[in-house]
Amino acid sequence: MTPISFLSRACPVCASTSARAEASSDQRAEDLSLDQLRPYWSGLFKKKVFFSYDRCAACGVLFAPTYFSDEQLEQLYADMAPNMEVVPTASLEATQRGYWDVTAGTAPLDGGYLEIGPDVGYIVRLAVAEARFDHYWLFEPNGAVHGALAQAAGNAPHDISLEMNDLSIVPDRSVGLAVMVHVLDHLLDPRAMLERIRVKLKPGGVLMIVTHNEASLLRKLMASRWPPFCLQHPELYSPASIKTLVRRAAYQKVEVQRSVNYFPIDFMVRQAAYTVGIDLGKIPLPKAALGLKLGNMITLAHV
Ligand SMILES: [Zn+2]
């Protein structure tokens with residue numbers, strides 16, 4: 001039985017209510033209460049619990065038809081410790097450098113720069129050093145990282161806001177590049193976000209989106225143990241379904257590439273062992289980094 005406190009959703013891309021069940025955890029989130037789910041949300045319990053994912057019969061997006069409401073999400077994110085990073089920073093920086101290099105080869109690097117959820121500003125720092133944007137519009141709901149973010153923007157003209165849904169401070173048709181790294185698949189209404197950003201892009205402007213790829217080999221190998229199946233993702237995309245979403249938000253052209261993620265080898269081996277149910281604990285492993293096209297993708301949407 002589903003507790004009535006959770007939200008019942010139609011497909012967030014096309015609003016269809018026709019869908020087939022596809023992925024569930026042994027203990028399903030929709031069978032627990034909000035209070036029972038809190039420790040799972042903050043990663044206190046190792047056991048995997050997520051809201052079951054269905055595949056929309058009309059547009060093919062994978063989404064959770066039962067999920068937290070906006071109010072519940074606000075509470076949960078507010079309680080979350082900032083910067084829960086599993087991957088060490090050098091690998092994270094190399095991964096973000098890869099996102100920037102792909103984007104810089106496609107997007108106009110002038111006009112405004114807009115980012116939703118920039119965290120401490122990994123990509124902002126690269127953009128300030130290597131491009132000539134006239135203003136940085138940074139929408140970051142986690143106030144704990146605003147100091148670090150301001151440092152990343154340095155002397156470049158910038159505005160940092162706690163807001164994510166109201167972009168009205170940004171002039172319409174002024175932005176050359178908009179960026180969302182691991183944000184879109186956390187949103188209850190991803191299409192509305194894409195539409196809000198679209199009106200801010202200048203002619204020729206580009207929106208760069210990084211998401212997990214649910215059609216990846218890693219997902220097939222790991223099945224329901226695939227890490228992006230979790231309480232934080234109300235929907236997950238494949239190259240096909242994200243193209244559908246972007247086109248429905250009225251962008252003119254869209255391309256999708258698999259992205260390279262850099263992992264320390266010891267981290268990879270521990271993850272692989274965990275996948276088959278072995279916990280390597282404190283056993284020492286080599287520290288070198290490895291670039292892999294794993295479970296992520298970069299989407300470039302043109303107005
Ligand atoms: Zn749909």
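Among the residues of the range 120-133, are any in a loop (DSSP other than H, G, I, E, B), of a type in the set (Gly, Ala, Ser) and surrounded by 14 or more Cβ atoms within 10 Å (Cβ to Cβ)?
Yes, some residue in the range 120-133 is in a loop (DSSP other than H, G, I, E, B), of a type in the set (Gly, Ala, Ser) and surrounded by 14 or more Cβ atoms within 10 Å (Cβ to Cβ).
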- Item | Every residue from the range 96-119 that is in a strand (DSSP E or B) and either acidic (Asp, Glu) or over 23 Å from Lys202 (Cβ atoms) (or both) | Glu115
- Do we have any residue at all in the range 84-106 that's touching a Phe, Trp or Tyr at 6+ places or on another chain (Cβ under 6 Å) and under 18 Å from His186 (Cα atoms)? no
- Take the range 1-44 and flag every residue that is over 19 Å from Asp70 (Cβ atoms) and either within 16 Å of the ligand (Cβ to nearest atom) or exposed (fewer than 12 other Cβ atoms within 10 Å of the Cβ) (or both). Met1, Cys14, Ser16, Thr17, Ser18, Ala19, Arg20, Ala21, Glu22, Asp26, Leu44
- Message: Let me confirm something: among Asp172, Asp279, Asp189, Asp185, which residue is among the acidic types (Asp, Glu) and free of Cβ contacts under 8 Å to residues at least 24 places away in the same chain?
- Response: Asp279
- Residues located in the range 202-254, provided they are of a type in the set (Gly, Ala, Ser) and in contact with a helix residue (DSSP H, G or I) (Cβ under 8 Å, 6 or more places away or on another chain): Ala215, Ala249, Ala250
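Read the figures in this text as sums done on the coordinates, not as results from a lab. Bear in mind that the values here come from a model prediction, so they are computed numbers and not experimental data. Cβ: placed from backbone, ideal geometry, glycine included. Neighbour counts: every protein chain shown.
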